[in-house]
Amino acid sequence: MLYKNRLEIMHIYKSYSAQDTMDIAQAMAKQATRGDIFLLNGTMGAGKTVFAKGFALGLGISCTITSPTFTLLNIYEGTLPMYHFDLYRCQEQVSDQGFEEYFFGTGICLIEWGEYAKNILPHHNTITIQTSNNPKQENFRTIEVINK
Ligand SMILES: Nc1ncnc2c1ncn2[C@@H]1O[C@H](COP(=O)(O)OP(=O)(O)OP(=O)(O)O)[C@@H](O)[C@H]1O
Ligand SMILES: [Mg+2]
């Protein structure tokens, strides 16, 4: 798909458990390079933080990943630095928070609830995690990845 002269590559993965989501994220982290930015989309409880945990494993980060809901940003040192944002409680303009050094930095940004940051990002990949409406498929997710 060609969008604004950039090639978009889309993949859709099926996940049947939190472990599956971690495995998918872990594999993706191994392909990631400096400066990559991943917007993590999905409703509350979809699995964005689970994805971040798997991603961290792929970067060789062994400490516990907790959601940076109140602090907005947690920084981890792995084979590459990982900047894990959760902007759900971001009160001020994202552009006023001084995050540019990370968005334009040499680590990897994972951004939960990043809709408002979108406009100021130099580029980004989009991961959209969707739950199922079927109550019998409580743990089923589709993970749509758009690489730009
Ligand atoms: N296939 C799956 N993939 C990911 N998580 C799953 C899956 N099946 C069940 N879960 C469960 O769903 C929950 C996802 O929680 P998580 O904190 O990652 O959501 P979130 O998208 O980060 O929510 P929030 O918007 O509140 O930050 C976990 O309890 C996890 O065990
Ligand atoms: Mg979360």
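The values are calculated or read from the model by the stated rules, or taken from the named source; none is laboratory data. Keep in mind that this is a model prediction, so the values were computed, not measured. Glycine gets a Cβ as well: all are built from the backbone with ideal geometry, and neighbour counts include every protein chain shown.
Kindly check whether there is at least one residue in the stretch 71-84 that is surrounded by 15 or more Cβ atoms within 10 Å (Cβ to Cβ), closer than 30 Å to Lys136 by Cβ and within 14 Å of the chain's Cα centre (by Cα). Looking for residues that are surrounded by 15 or more Cβ atoms within 10 Å (Cβ to Cβ), closer than 30 Å to Lys136 by Cβ and within 14 Å of the chain's Cα centre (by Cα), one finds none in the stretch 71-84, hence no.
Please state which one of Thr49, Thr106, Thr79 is under 22 Å from Gln31 (Cα atoms), out of contact with any strand residue (DSSP E or B) (no Cβ under 6 Å at 6 or more places or on another chain) and part of a helix (DSSP H, G or I). I'd like the intermediate steps shown before the answer.
On the way: Thr106 fails: part of a helix (DSSP H, G or I); Thr79 fails: part of a helix (DSSP H, G or I).
Going through Thr49, Thr106, Thr79 in turn, just one is under 22 Å from Gln31 (Cα atoms), out of contact with any strand residue (DSSP E or B) (no Cβ under 6 Å at 6 or more places or on another chain) and part of a helix (DSSP H, G or I): Thr49.
In the stretch 35-46, the qualifying residues are those that are in a loop (DSSP other than H, G, I, E, B) and under 19 Å from Ile9 (Cα atoms), and the one that is farthest from ligand 1 (Cβ to nearest atom) is Gly35. Quick one: in the stretch 85-110, of everything that is aliphatic (A, V, I, L, M) and more than 13 Å from ligand 1 (Cβ to nearest atom), which residue is surrounded by the most Cβ atoms within 10 Å (Cβ to Cβ)? Result: Ile108.
Considered as a group, the residues in the stretch 111-127 that are assigned to a strand (DSSP E or B) and within 11 Å of ligand 1 (Cβ to nearest atom) include one that is surrounded by the most Cβ atoms within 10 Å (Cβ to Cβ), and that residue is Ile127.
Being within 14 Å of Lys48 (Cα to Cα), surrounded by 13 or more Cβ atoms within 10 Å (Cβ to Cβ) and of a type outside the set (Ser, Thr, Tyr) is a property that holds for Pro68. In this structure, does Leu59 turn out to be away from ligand 2 (no atom under 13 Å from the Cβ), closer than 17 Å to Asn125 by Cβ and either in contact with a Leu (Cβ under 9 Å, 6 or more places away or on another chain) or of a type outside the set (Gly, Ala, Ser) (or both)? Yes, satisfied. Of all residue pairs spaced 6 or more apart or on separate chains, those with beta-carbon atoms under 8 Å, a first member in the stretch 51-66 that is under 11 Å from Met82 (Cβ atoms) and a second member that is assigned to a helix (DSSP H, G or I) and not hydrophobic (A, V, I, L, M, F, W, C) are Phe55/Gln26; Leu57/Gln26; Gly58/Gln26; Gly58/Lys30; Ile65/Thr49; Ile65/Lys53. Checked against (1) modelled with pLDDT of 95 or more; (2) away from ligand 2 (no atom under 16 Å from the Cβ); (3) surrounded by 10 or more Cβ atoms within 10 Å (Cβ to Cβ); (4) over 19 Å from Ile120 (Cα atoms), Glu8 passes all but condition (1).
Annotation note: Cβ proximity below 9 Å between a residue of the stretch 1-27 that is in a strand (DSSP E or B) and a residue that is at pLDDT below 80 and not β-branched (Val, Ile, Thr) (sequence gap 6+ or interchain) occurs for Leu2/Glu8; Tyr3/Lys148; Arg6/Lys148; Leu7/Met1; Leu7/Lys148; Ile9/Met1; Ile9/Lys148; Met10/Met1. Applying a threshold of 6 Å to beta carbon distances and a minimum spacing of six or more residues, or different chains, the list of pairs starting in the stretch 71-93 at a residue that is among the acidic types (Asp, Glu) and ending at one that is at pLDDT 95 or above and assigned to a strand (DSSP E or B) reads Asp86/Glu112.
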